[in-house]
Amino acid sequence: GRAAGAMAEHEGLVSVDYEVSGKVQGVFFRKYTQGEAKRLGLVGWVQNTSRGTVQGQIQGPTDRVRELQEWLRKVGSPLSRISRAEFSNEKKITALEHKDFQILK
């Protein structure tokens, strides 16, 4: 609703890139990441890399982004085993650059 939008502006929006290493491919990691991002009201994307990692970008209110970062670090999908989650290119943004949270092929 409208209140959420006003709240998000007040909190400030951030964009951050991430890459997760470990057993993260073939374990529905992207699907669960998308589900968690949508639950938190975040936008961005997630994809598998040729290096066997999962990478993407998260955008949204700072506190929600922090929640997903924590999730990417410690939780992941039920069958995944996360060895490392790295975050980079964090910056404040004035508007979201994605419409939703997509799984890229």
| query | Normalised by the number of residues in segment 18-79, what is the relative contact order in percent for Cα pairs under 8 Å and 6+ residues apart? | reply | 42
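Do you know the Lys pair count in the chain for C-alpha distances under 17 Å, with sequence separation 8 or more or different chains? Present the calculation step by step, with values, prior to reporting the outcome.
Numbers: Lys23/Lys31; Lys23/Lys74; Lys31/Lys74; Lys31/Lys105; Lys38/Lys99.
Pairs that pass both the separation and distance tests number 5.
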| task | Would you mind getting the accessible area per residue of the chain, heavy atoms of the protein chains only, 1.4 Å probe, in Å²? | result | 60
| field | Principal axis dimensions, the chain - Cα atoms, whole angstrom, descending | value | 38, 25, 24
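The values are calculated or read from the model by the stated rules, or taken from the named source; none is laboratory data. All values derive from a computational prediction rather than experimental measurement. With ligands, DNA and RNA removed, areas are computed over all heavy atoms of the protein, side chains included. Shrake-Rupley method; radii C 1.70, N 1.55, O 1.52, S 1.80 Å.
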